[in-house]
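Trainee: First, the structure itself, so that you have it in front of you.
The values are calculated or read from the model by the stated rules, or taken from the named source; none is laboratory data. All figures in this text were calculated on a predicted structure; none of them were measured in a lab. For neighbour counting, all protein chains shown are included, and Cβ atoms are generated from backbone atoms with ideal geometry for every residue, glycine included. For the accessible areas, the whole protein counts, side chains as well, though only heavy atoms, and no ligand, DNA or RNA atoms are used. Shrake-Rupley method; radii C 1.70, N 1.55, O 1.52, S 1.80 Å.
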Amino acid sequence: MTSVDRPGAGAVELRPVDRDLFRTLLRRQAATVTVVTAPGLAANRHLPALPPAGFTATSFTSVSLDPPLVSFCLGRESSSWPTVERAEHLAVHLLASGQQEVAPNVATSGIDRFATHRGWTQGPFGVPLIDDALAVLLCRVVRRIEAGDHTIVLGEALALGTGEDGDLLVHHGAGYTTTFGPWPSPW
């Protein structure tokens, strides 16, 4: 498409964005492996019962300190979306470096994620809580905002649980790695 010269460096080629190119770029960004869980929902007059949901969310971020708000994005074609669309509460888990088996389990569509991974308990409001996570935020959903083929979910943190201190599990380049602690100070 076009090239832009950078002072003191080579040119950067800018190309039109397509789905594959965009996905390739996003794989270059490291993200904490975050698992979001939502409780199963009972049927009512107008809506069917739904199973509990769990999925990985690389888009998790803090939004506000007062009130304490966080957000994540979820595709509306996701098998977890029908549950999250109706959930009033959910939990956000930051996984530890030794929990590599949890992330692909909850990222797999079409399985009972909570039957295949037994390391969880039922928390307040029926929200599944994953054992041994570095941190867990129990949240109340305050808003859902449609954005393209995804929805941005805003949650107000109601309670925080922390596990043992340790390295975070990190997703980068279609694989898992960990943090290695602070960079040594040159001073």
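Trainee: Restricting attention to the range 79-90, does a residue exist that is open to solvent by less than 10 Å² (accessible area, probe 1.4 Å), of a type outside the set (Ser, Thr, Tyr) and farther than 16 Å from residue 143 by Cα?
Mentor: First, pick out the residues of the range 79-90 that are open to solvent by less than 10 Å² (accessible area, probe 1.4 Å): 80, 83-84, 87, 90.
Next, from what is left, pick out any that are of a type outside the set (Ser, Thr, Tyr): 84, 87, 90.
Still in the running and farther than 16 Å from residue 143 by Cα: none.
Checked the range 79-90: no residue is open to solvent by less than 10 Å² (accessible area, probe 1.4 Å), of a type outside the set (Ser, Thr, Tyr) and farther than 16 Å from residue 143 by Cα.
Trainee: How about the range 21-47: which of its residues are open to solvent by less than 80 Å² (accessible area, probe 1.4 Å), assigned to a loop (DSSP other than H, G, I, E, B) and of a type outside the set (Gly, Ala, Ser)?
Mentor: 33, 39, 47
Trainee: Name the pairs whose Cβ atoms lie under 6 Å apart, with the first residue in the range 78-105 and farther than 29 Å from residue 166 by Cβ, the second of a type in the set (Ser, Thr, Tyr) and open to solvent by 10 Å² or more (accessible area, probe 1.4 Å), and 6 or more positions between them or separate chains?
Mentor: Listed pairs, sorted by first residue: 79/109.
Trainee: I'm told residue 153 meets every condition in (1) among the β-branched types (Val, Ile, Thr); (2) at pLDDT 95 or above; (3) open to solvent by 20 Å² or more (accessible area, probe 1.4 Å) except one. Can you identify the failing condition by its number?
Mentor: (3)
Trainee: So how many residues does the range 10-43 have that are touching a helix residue (DSSP H, G or I) at 6+ places or on another chain (Cβ under 6 Å) and among the acidic types (Asp, Glu)?
Mentor: Number satisfying all stated conditions: 0.
Trainee: Now for a different question. Of 106, 136, 127, 142, which residue is aliphatic (A, V, I, L, M) and within 25 Å of residue 22 (Cβ to Cβ)?
Mentor: Going through 106, 136, 127, 142 in turn, the sole match is 106.
Trainee: Do we have residue 14 as surrounded by 11 or more Cβ atoms within 10 Å (Cβ to Cβ) and out of contact with any Phe, Trp or Tyr (no Cβ under 9 Å at 6 or more places or on another chain) here?
Mentor: Answer is no for this residue.
Trainee: Here's a follow-up. Please verify whether the range 66-76 includes one or more residues that are among the acidic types (Asp, Glu) and more than 24 Å from residue 123 (Cα to Cα).
Mentor: Taking every residue of the range 66-76 in turn, at least one turns out to be among the acidic types (Asp, Glu) and more than 24 Å from residue 123 (Cα to Cα).
Trainee: Same structure, new question: Tell me which of these residue 109 doesn't satisfy, since it passes every other one: (1) closer than 11 Å to residue 35 by Cβ; (2) open to solvent by 60 Å² or more (accessible area, probe 1.4 Å).
Mentor: It fails just one condition, (1).
Trainee: Tell me the residue from 128, 124, 184, 104 that is surrounded by 10 or more Cβ atoms within 10 Å (Cβ to Cβ), modelled with pLDDT under 90 and over 22 Å from residue 65 (Cα atoms), please.
Mentor: Working: 128 fails: modelled with pLDDT under 90; 124 fails: modelled with pLDDT under 90; 184 fails: surrounded by 10 or more Cβ atoms within 10 Å (Cβ to Cβ).
Criteria check complete, one pass: 104.
Trainee: Please verify whether the range 60-75 includes one or more residues that are open to solvent by less than 50 Å² (accessible area, probe 1.4 Å), at pLDDT 95 or above and under 15 Å from residue 95 (Cβ atoms).
Mentor: yes
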